[in-house]
Amino acid sequence: MPSWQAVSRALTLLALFPTLVWAAPPVTRPSKQYTIEQFMETTDVFGASFSPDEKRVLFTSNQTGVFNVFSVPVAGGKPTQLTRSTTDATFAVGYFPKDERVLFTRDQAGNGLTHLYVRTPDGKEQDITPGDKVRAGFQGWSQDGSAFYVSSNARDERFMDLYRHDAKMYASTLVFQNDGGFDLGKVSPDGKRLSLEKSRSLSDSDVHLYDFGTQEVKHLTPHQGDASWKTATFAPDSSALYLLTNEGSEFTRVVRYVLATGKREEVEKADWDITSTAFSRDGAWRVTGINEHGRALLRVHDVKAGRPVALKLPEGSISDVELARSGKRMAFQLTDDRAPNNLYVHDFGTKKTRRLTDTLSPSIDANDLVVAEVVRYASFDGLEIPGILYKPLQATPEHKLPAVVWVHGGPGDQAYRGYISFIQYLVNAGYVVFAPNNRGSSGYGKTFVTADDRKHGKEPLRDVVEAKKYLTGLPYVDGARVGVLGASYGGYMALAALAFHPDTFDVGVDAFGPSDWVSMLKNIPPYWESFRQAMYQELGDPEKDAEQLRAISPLTHAYKIRKPLLVIQGANDPKVLKAQSDQMVSAVKKNNVPVDYLVLPDEGHGFSSKKSELESSTRIRTFLDTYLKQPPATARPAN
């Protein structure tokens, strides 16, 4: 979970006429320059879970250099480290409801095969989902806390079954055999039903309901055309299932399915996508998340009063919301552009909010960082594309700077607001960074998110090319020095930009990106089986559509690349196999252009340690400084 992955005011009339949505106050001043080591002193934290007495909160932190589990007093104080892995990333799940035992997950060197562990108060750890090819995850507690549910592919590595584990001895019982290839949803509070999801494509999905007693599966959301239906939560009394859908609308809203009658009732909507809704255990509160231009907003509803509650919370993007079992308080993570995630607790009784962590590097002054702007520009066909722009404080028309187009992952993800350490590092070093939300990005309506289906390497990529034109029109950008950078699907876009539009960008950086779609889709990890057909619908079937997939694969067109390229690859990546990057690097080297290749031996699809993040950040900065920051005539030639 890398801090940089995830991911100025326009001063002149631009040819593309951007519409500003948020505008930061114009600031032009020298910025103190910080080293990557200083930026890496910032701590990444996420997750939240209250202890049984609600006096402590559990969370995940990479304070030690590797993600581990910590707890901190609700009243404030120094966090306590509970797990001590020095190699494998360890992520907090939560406290047991009645004692101080802790659940957490861990994989091995980024291989994606997460196991579920229990830590007892004396520090002993037990893997309760052992097996060389097992992938397991936490699916929730029983209402009385006597058991918990676990997803696991132990029976068949393709499918995630549901097991019920006894909370005392951890004995497991198979309660749902997932031969239908469903994605597991929620177990109802009364323990009688399980929601299931089935995706036909990234934009078309359904919800089903499994009855543990009758062992029957009922389809709840038959519909025509593309529409997304997802599970949100069950009502506290198990009388209804709350769903998220965009059927009949551009944006996702909340719908209640009454179990006794099958009636659907509209519950809540917004002018943006609603991403979640959940109840406190006592049913007093319902909390809803809203994605507004890549910033996560929060609505809290007083269920009994039937109205939203006006909360005075710090400004920023809110995530990882956890309501205490008593319903008296709420924990959450909050970030803004110049402040990394911090853990907070809000007390509903006193209406006070306390910050429990301080994660920004002590050597960095937040005033030297930048506030991002959300802008819009017209693409090649007139479609309006939103994006997030980071302007260095030292940028002026008299002091034009190089720029980087930062492409988010996916497909179907988006560029988010909030602190991204590596972006701030690049901006601080004198690079303008622009993160476009090309067509196909989520958060901007159903029509926009489906506009990239079976068009990868074409229209969405053209949006990225047009982002370069937008940057070139800014008075403080040197249009002769613009690069493209991305991770995962964004890495593919960076490679595709160099291969299909070889004269557009001056350098490219690919981190963990697929270069050969046929190979990737054929080698989808077994535990992705429920997602396989959705990927085929989005991109193509590697058997039936092999020719089409090769046509949009950068590896097929590697001979066209003539600009410097840096590739970063995790040796244990289960999604984008190292062999892909090996072939891509070898092919581009034949073009006699500079190619740098960094293989991270203990990583998978992303970073699990600060060591890898530091090494990658340093390598990218050196690469950009060499081939982009310097005028082209003085850039270092290929070896």
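Summary of computed values
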{"read-out": "Subset tally (residues that are of a type outside the set (Ser, Thr, Tyr), out of contact with any Phe, Trp or Tyr (no Cβ under 6 Å at 6 or more places or on another chain) and closer than 18 Å to ASP337 by Cβ) for the range 431-465", "value": "5"}
{"read-out": "Residue count, the range 523-548 (criterion: hydroxyl-bearing (Ser, Thr, Tyr) and under 15 Å from GLU197 (Cβ atoms))", "value": "1"}
{"read-out": "Subset of the range 76-119 [over 22 Å from PRO574 (Cα atoms), touching a strand residue (DSSP E or B) at 6+ places or on another chain (Cβ under 8 Å) and not in a strand (DSSP E or B)]", "value": "GLY76, LYS78, PRO79, LEU82, THR83, ARG84, PHE96, PRO97, ARG101"}
{"read-out": "Matching entry among LYS446, LYS400, LYS455 (being basic (Lys, Arg), open to solvent by 10 Å² or more (accessible area, probe 1.4 Å) and in contact with a strand residue (DSSP E or B) (Cβ under 6 Å, 6 or more places away or on another chain))", "value": "LYS400"}
{"read-out": "Some residue of the range 194-204 being outside any strand (DSSP E or B) and open to solvent by 70 Å² or more (accessible area, probe 1.4 Å)", "value": "no"}
{"read-out": "VAL370 vs. criteria outside any loop (DSSP other than H, G, I, E, B), among the β-branched types (Val, Ile, Thr), modelled with pLDDT of 95 or more and under 25 Å from the mean Cα position of the chain (by Cα)", "value": "no"}
{"read-out": "TYR536 vs. criteria at pLDDT below 95, part of a helix (DSSP H, G or I) and farther than 17 Å from GLY440 by Cβ", "value": "no"}
{"read-out": "Leading residue by the ranking (farthest from GLN143 (Cα to Cα)) among those in the range 174-190 that are part of a loop (DSSP other than H, G, I, E, B) and open to solvent by less than 30 Å² (accessible area, probe 1.4 Å)", "value": "GLY181"}
{"read-out": "Selection from the range 458-503 of residues that are surrounded by 20 or more Cβ atoms within 10 Å (Cβ to Cβ) and among the hydroxyl-bearing types (Ser, Thr, Tyr)", "value": "TYR470, TYR476, SER488, TYR489, TYR492"}
{"read-out": "The range 143-156, residues that are crowded, with 18+ Cβ neighbours inside 10 Å and assigned to a loop (DSSP other than H, G, I, E, B)", "value": "ASN153, ALA154"}
{"read-out": "Any chance VAL345 is in a loop (DSSP other than H, G, I, E, B) and under 24 Å from VAL45 (Cα atoms)", "value": "no"}
{"read-out": "Cβ pairs under 6 Å, 6+ apart, first in the range 257-275 and among the basic types (Lys, Arg), second at pLDDT 95 or above and not in a loop (DSSP other than H, G, I, E, B)", "value": "ARG264/VAL255; ARG264/TYR257; LYS269/ARG253"}
{"read-out": "Failed item in (1) open to solvent by less than 30 Å² (accessible area, probe 1.4 Å); (2) modelled with pLDDT of 95 or more, with ASP53 passing the rest", "value": "(1)"}
{"read-out": "Subset of the range 250-286 that is touching a Gly at 6+ places or on another chain (Cβ under 9 Å) and surrounded by fewer than 16 Cβ atoms within 10 Å (Cβ to Cβ) - its residue that is modelled with the lowest pLDDT", "value": "ASP282"}
{"read-out": "Subset of the range 205-226 [assigned to a loop (DSSP other than H, G, I, E, B), surrounded by 15 or more Cβ atoms within 10 Å (Cβ to Cβ) and modelled with pLDDT of 95 or more]", "value": "PHE212, LEU220, THR221"}
{"read-out": "Among the residues listed as VAL187, VAL207, the single one being closer than 22 Å to SER442 by Cα and of a type in the set (A, V, I, L, M)", "value": "VAL207"}
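The values are calculated or read from the model by the stated rules, or taken from the named source; none is laboratory data. Treat the numbers as computed from the prediction; the structure is a model and nothing was measured. Positions of Cβ are backbone-derived with ideal geometry, glycine not excepted, and every protein chain shown enters the neighbour counts. For the accessible areas, the whole protein counts, side chains as well, though only heavy atoms, and no ligand, DNA or RNA atoms are used. Shrake-Rupley method; radii C 1.70, N 1.55, O 1.52, S 1.80 Å.
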